[in-house]
Amino acid sequence: MRVLDTTLREGCQRWGVYFSFKTKKKILTYLSKIGIEEVEVGVVGEEGLKKLVTFAKALFSEDKVSVWLRLKEEDIKRGAKLGVGLNIGTPVSKIHLEKRLKVNEKEFFLRLEKLVKLAVKASPLVTLGLEDSSRAEKKFVFEVCGLASSLGVKRIRISDTLGIFNPLTLAKLVREVKTEFPELEIGFHGHNDFGMATANSLTALISGADWVDVSVLGMGERAGIAPLEQVITYLCFYHDKSYDLRLLPKLCHYVALKAKQSISDFSPILGKKLFYCESGLHVDGIKKSPELYEPFPPEVLGLKRRLFIGAKSGRSAVKNILEEWRLEISENSLGTLVKKIRKLAIKLGRPLKKDDIKKHLGLYTNG
């Protein structure tokens with residue numbers, strides 16, 4: 001279970017995102033310190049790519065740096081000079097072959113064989129990305145995988161270009177490809193058009209894939225891909241992976257700033273109000289034992305747990321919070337107070353603070 005971060009390739013395809021060379025270097029530095037296994041740093045032909053590759057190779061080993069390129073001779077020759085992994089993209093769906101490449105299957109395979117042979121001679125770390133795999137015929141995908149394997153390709157990358165795979169369908173495909181081609185590493189690149197990128201990426205890993213593509217904040221074309229922060233945090237807490245999560249919020253907020261992108265208060269993993277709680281049942285449970293209603297300790301990611309009382313609070317939650325705030329309340333008057341708290345919260349349109357209780361409901365600090 002390993003992740004390939006493609007913030008500097010797929011992420012930079014997000015509309016309106018322009019990272020300076022300085023910003024790209026800082027992103028790579030964060031990714032290295034966090035412990036990301038591989039970085040895809042750009043597209044062959046981009047201005048400044050060679051310089052960025054040199055910087056990346058100083059942070060990561062050569063086999064942990066890769067670039068994306070088209071299945072074209074000129075791209076392969078230019079990519080070979082960089083001395084890193086070559087991630088070649090080629091469509092495998094009928095609609096792409098007919099309308100984009102304008103070739104039949106025989107012509108496609110002749111071209112594929114010729115150019116993959118050239119790529120394998122140029123680099124020992126060749127990945128063949130199967131674009132639009134989710135709309136391709138399985139038989140055709142297997143034929144491409146078979147040819148890739150016979151030519152010495154190290155890894156194939158199943159690409160869900162439109163984000164239409166679901167976990168059940170993807171799991172079946174990953175298992176079948178892994179069984180048929182155990183010599184190949186399997187990667188997965190999943191788009192998030194229907195909100196399934198994280199679920200699909202984790203499903204791919206659990207089903208036998210070796211790699212999944214991620215980007216900081218899930219940046220990429222349209223709705224992007226699986227967010228780095230979601231995938232690696234899940235792997236840390238539920239699959240015993242080891243990444244330095246302490247640096248994750250700093251990386252994400254830095255990228256958000258440079259990409260001019262906001263992070264919601266309730267964004268998974270990062271939202272500053274993610275562990276704010278008002279619901280009575282949950283407040284009571286968290287007071288008894290936080291792991292009852294928290295998927296991970298908030299402090300690991302620099303977040304804070306805050307418990308509130310309001311219109312959703314019950315007797316136990318109100319009693320616990322008032323005791324924590326050291327406000328006096330008798331057991332006999334608790335029921336009446338809960339009703340007043342609910343009414344006041346509805347009137348104010350928000351959960352209540354300690355000062356609200358003292359000001360509006362006349363409770364005072366004990367001692």
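Quick notes on this one:
- Check on residue 232, β-branched (Val, Ile, Thr), within 17 Å of the chain's Cα centre (by Cα), assigned to a loop (DSSP other than H, G, I, E, B) and closer than 30 Å to residue 188 by Cα: no
- Residue within the range 16-32 that is aromatic (Phe, Trp, Tyr), surrounded by fewer than 16 Cβ atoms within 10 Å (Cβ to Cβ) and assigned by TED's automatic domain parsing to the domain that holds residue 250 present: yes
- Test for residue 35: is it under 24 Å from residue 252 (Cα atoms), touching a helix residue (DSSP H, G or I) at 6+ places or on another chain (Cβ under 9 Å), exposed (fewer than 13 other Cβ atoms within 10 Å of the Cβ) and in contact (Cβ under 8 Å) with a residue 12 or more places away in the chain: no
- Here residue 9 fulfils each of the conditions (1) in a helix (DSSP H, G or I); (2) out of contact with any Leu (no Cβ under 8 Å at 6 or more places or on another chain); (3) without any contact (Cβ under 8 Å) to a residue 60 or more places away in the chain apart from (1).
- Set side by side, the residues 152, 190, 146 differ, and just one is under 20 Å from residue 95 (Cα atoms) and touching a residue at least 24 places away in the same chain (Cβ under 8 Å), which is 190.
- Remark: pairs (first residue in the range 117-143, in contact (Cβ under 8 Å) with a residue 12 or more places away in the chain; second residue acidic (Asp, Glu); Cβ separation under 7 Å; 6+ apart in sequence or on different chains) = 118/73; 125/63; 133/160; 134/160; 142/180.
- Considered as a group, the residues in the range 186-243 that are more than 15 Å from residue 175 (Cα to Cα) and charged (D, E, K, R) include one that is modelled with the lowest pLDDT, and that residue is 240.
- Verdict on residue 283 being touching a residue at least 60 places away in the same chain (Cβ under 8 Å) and assigned to a helix (DSSP H, G or I): no
One line per residue, one yes/no per condition, for (1) in a strand (DSSP E or B); (2) at pLDDT 90 or above; (3) small (Gly, Ala, Ser); (4) at positive phi:
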{"position": "294", "(1), (2), (3), (4)": "no, yes, no, no"}
{"position": "317", "(1), (2), (3), (4)": "no, no, yes, no"}
{"position": "332", "(1), (2), (3), (4)": "no, no, no, no"}
{"position": "336", "(1), (2), (3), (4)": "no, no, no, no"}
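- Of the criteria (1) under 21 Å from residue 229 (Cβ atoms); (2) loosely packed, with under 15 Cβ neighbours inside 10 Å, which one residue 289 fails: (1)
- Each residue in the range 292-319 was checked for being among the hydroxyl-bearing types (Ser, Thr, Tyr) and under 27 Å from residue 231 (Cα atoms), and 1 pass.
- Among (1) of a type outside the set (A, V, I, L, M, F, W, C); (2) closer than 22 Å to residue 211 by Cα; (3) exposed (fewer than 15 other Cβ atoms within 10 Å of the Cβ); (4) modelled with pLDDT of 95 or more - the single one residue 61 does not satisfy: (4)
- Across the range 145-157, the number of residues qualifying as touching a Ser or Thr at 6+ places or on another chain (Cβ under 8 Å) and either of a type in the set (Lys, Arg) or more than 21 Å from residue 63 (Cβ to Cβ) (or both) comes to 3.
The values are calculated or read from the model by the stated rules, or taken from the named source; none is laboratory data. All values reported here derive from a predicted model rather than from experimental measurement. Please note: Cβ atoms are built from the backbone with ideal geometry, for glycine as well, and neighbour counts cover all protein chains shown.
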